[in-house]
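The values are calculated or read from the model by the stated rules, or taken from the named source; none is laboratory data. Bear in mind that the values here come from a model prediction, so they are computed numbers and not experimental data. When we count neighbours, we look across all protein chains shown, and the Cβ atoms used for this are built from the backbone with ideal geometry, even at glycine.
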Amino acid sequence: MIARLLLWLILLSTVSPALAADPLPVSEVDTCIDQTNQSLTARWRFYRSVLLGQRKAEDELPSAVRHLPSADEEGTYEAWMKASAQPPGSWVSSTAPGETLIDAQIDARTANQPLSRASAETDPNRDAEWLGIFETPHALTWEFIPMLTQSYRAFRCELESTCKLLQDAHEQEDPPDTLTVQIPGCVPYVMKPLSACVQDELTFGDAEAIYGQCRASAQQLLAREYDLLKFAVSYDAAYRSIVLLGSSLDSFFTDFRKILLGPVQEAIALFGQFNRLPCFAAQCDE
């Protein structure tokens, strides 16, 4: 019994320091990967808003989510969820406990986001609400093909530029505040290097590994969005065709009813007037 008690005391003395130890600090590699992934997802969210549009915060339903740039750490985003639709609105975030934003603040921070990674500056004239390509009324789906193709091409350029930025920033000992990234077939992108992905923080091997992971993630994201875009175009074309066919059939049956039923109604009305004809027979039954 005493031996067993001593054994338990020895085990507890060896395990308790490990349990009480502080968690391992997050490495710069993990921070760089996190900033890279958040940059890719930010470009993905903007691409989706180009296709599907974005409503004002006051028009969003409860449980709607907006991702806004973090005020504490550059290159990261915070998720804000709408908790109440009662004016002026209430938005909360797990990253800012106790803080609440209203609809106007959400719209202001949404409009201040960079319109594209092609520009490191924000657009002061940008609105917080816009219609998506698929929300365009009174148009056929084939009319969207040039816009959809160009949007997907711009999305690919932005993803590749985000990954190429890692290489360009790490190759310079003292990278400037902004770098011009050139991708074949794309316009030059003026971008801010990610703070955790510069040469002072990462080794050459780490930067190459993160660049490879970024390219792989970008290719997977592009492949998935390509398949979803084909599905969305097919669905939109089918929906608009049914709506157009329905309106055409409604107009056709309206005119067809007048053409077909008009003479029948007139004939029925004429039959009702036969009792007014005089009777020339020898005996007429009433």
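For the structure I just gave you, tell me whether GLN219 is among the polar types (S, T, N, Q), under 17 Å from ARG43 (Cα atoms) and either surrounded by fewer than 17 Cβ atoms within 10 Å (Cβ to Cβ) or not assigned by TED's automatic domain parsing to the domain that holds VAL243 (or both). It is true that GLN219 is among the polar types (S, T, N, Q), under 17 Å from ARG43 (Cα atoms) and either surrounded by fewer than 17 Cβ atoms within 10 Å (Cβ to Cβ) or not assigned by TED's automatic domain parsing to the domain that holds VAL243 (or both). Within the bounds of region 152-160, is there any residue that is out of contact with any Cys (no Cβ under 8 Å at 6 or more places or on another chain) and either among the polar types (S, T, N, Q) or at pLDDT below 90 (or both)? Looking for residues that are out of contact with any Cys (no Cβ under 8 Å at 6 or more places or on another chain) and either among the polar types (S, T, N, Q) or at pLDDT below 90 (or both), one finds none in region 152-160, hence no.
Taken over region 146-183, the criterion of being under 26 Å from VAL29 (Cβ atoms) and assigned to a loop (DSSP other than H, G, I, E, B) is satisfied by GLN172, GLU173, ASP174, PRO175, PRO176, ASP177, THR178, ILE183.
Which count do you get for residues in region 83-109 that are in a strand (DSSP E or B) and over 21 Å from GLN38 (Cβ atoms)?
Number of matching residues: 3.
Residue check: is CYS163 hydrophobic (A, V, I, L, M, F, W, C), in the same structural domain as ILE33 (by TED's automatic domain parsing), surrounded by fewer than 18 Cβ atoms within 10 Å (Cβ to Cβ) and over 22 Å from ALA232 (Cα atoms)? For CYS163, the condition - hydrophobic (A, V, I, L, M, F, W, C), in the same structural domain as ILE33 (by TED's automatic domain parsing), surrounded by fewer than 18 Cβ atoms within 10 Å (Cβ to Cβ) and over 22 Å from ALA232 (Cα atoms) - is not met. When we screen ALA85, ALA139, ALA120 for residues that are out of contact with any Ser or Thr (no Cβ under 8 Å at 6 or more places or on another chain), surrounded by fewer than 18 Cβ atoms within 10 Å (Cβ to Cβ), among the aliphatic types (A, V, I, L, M) and at pLDDT below 85, the only hit is ALA85. The residue list ASP236, ASP227 contains one member that is exposed (fewer than 11 other Cβ atoms within 10 Å of the Cβ), of a type in the set (D, E, K, R) and either touching a residue at least 60 places away in the same chain (Cβ under 8 Å) or within 30 Å of PRO146 (Cα to Cα) (or both), which is ASP227.
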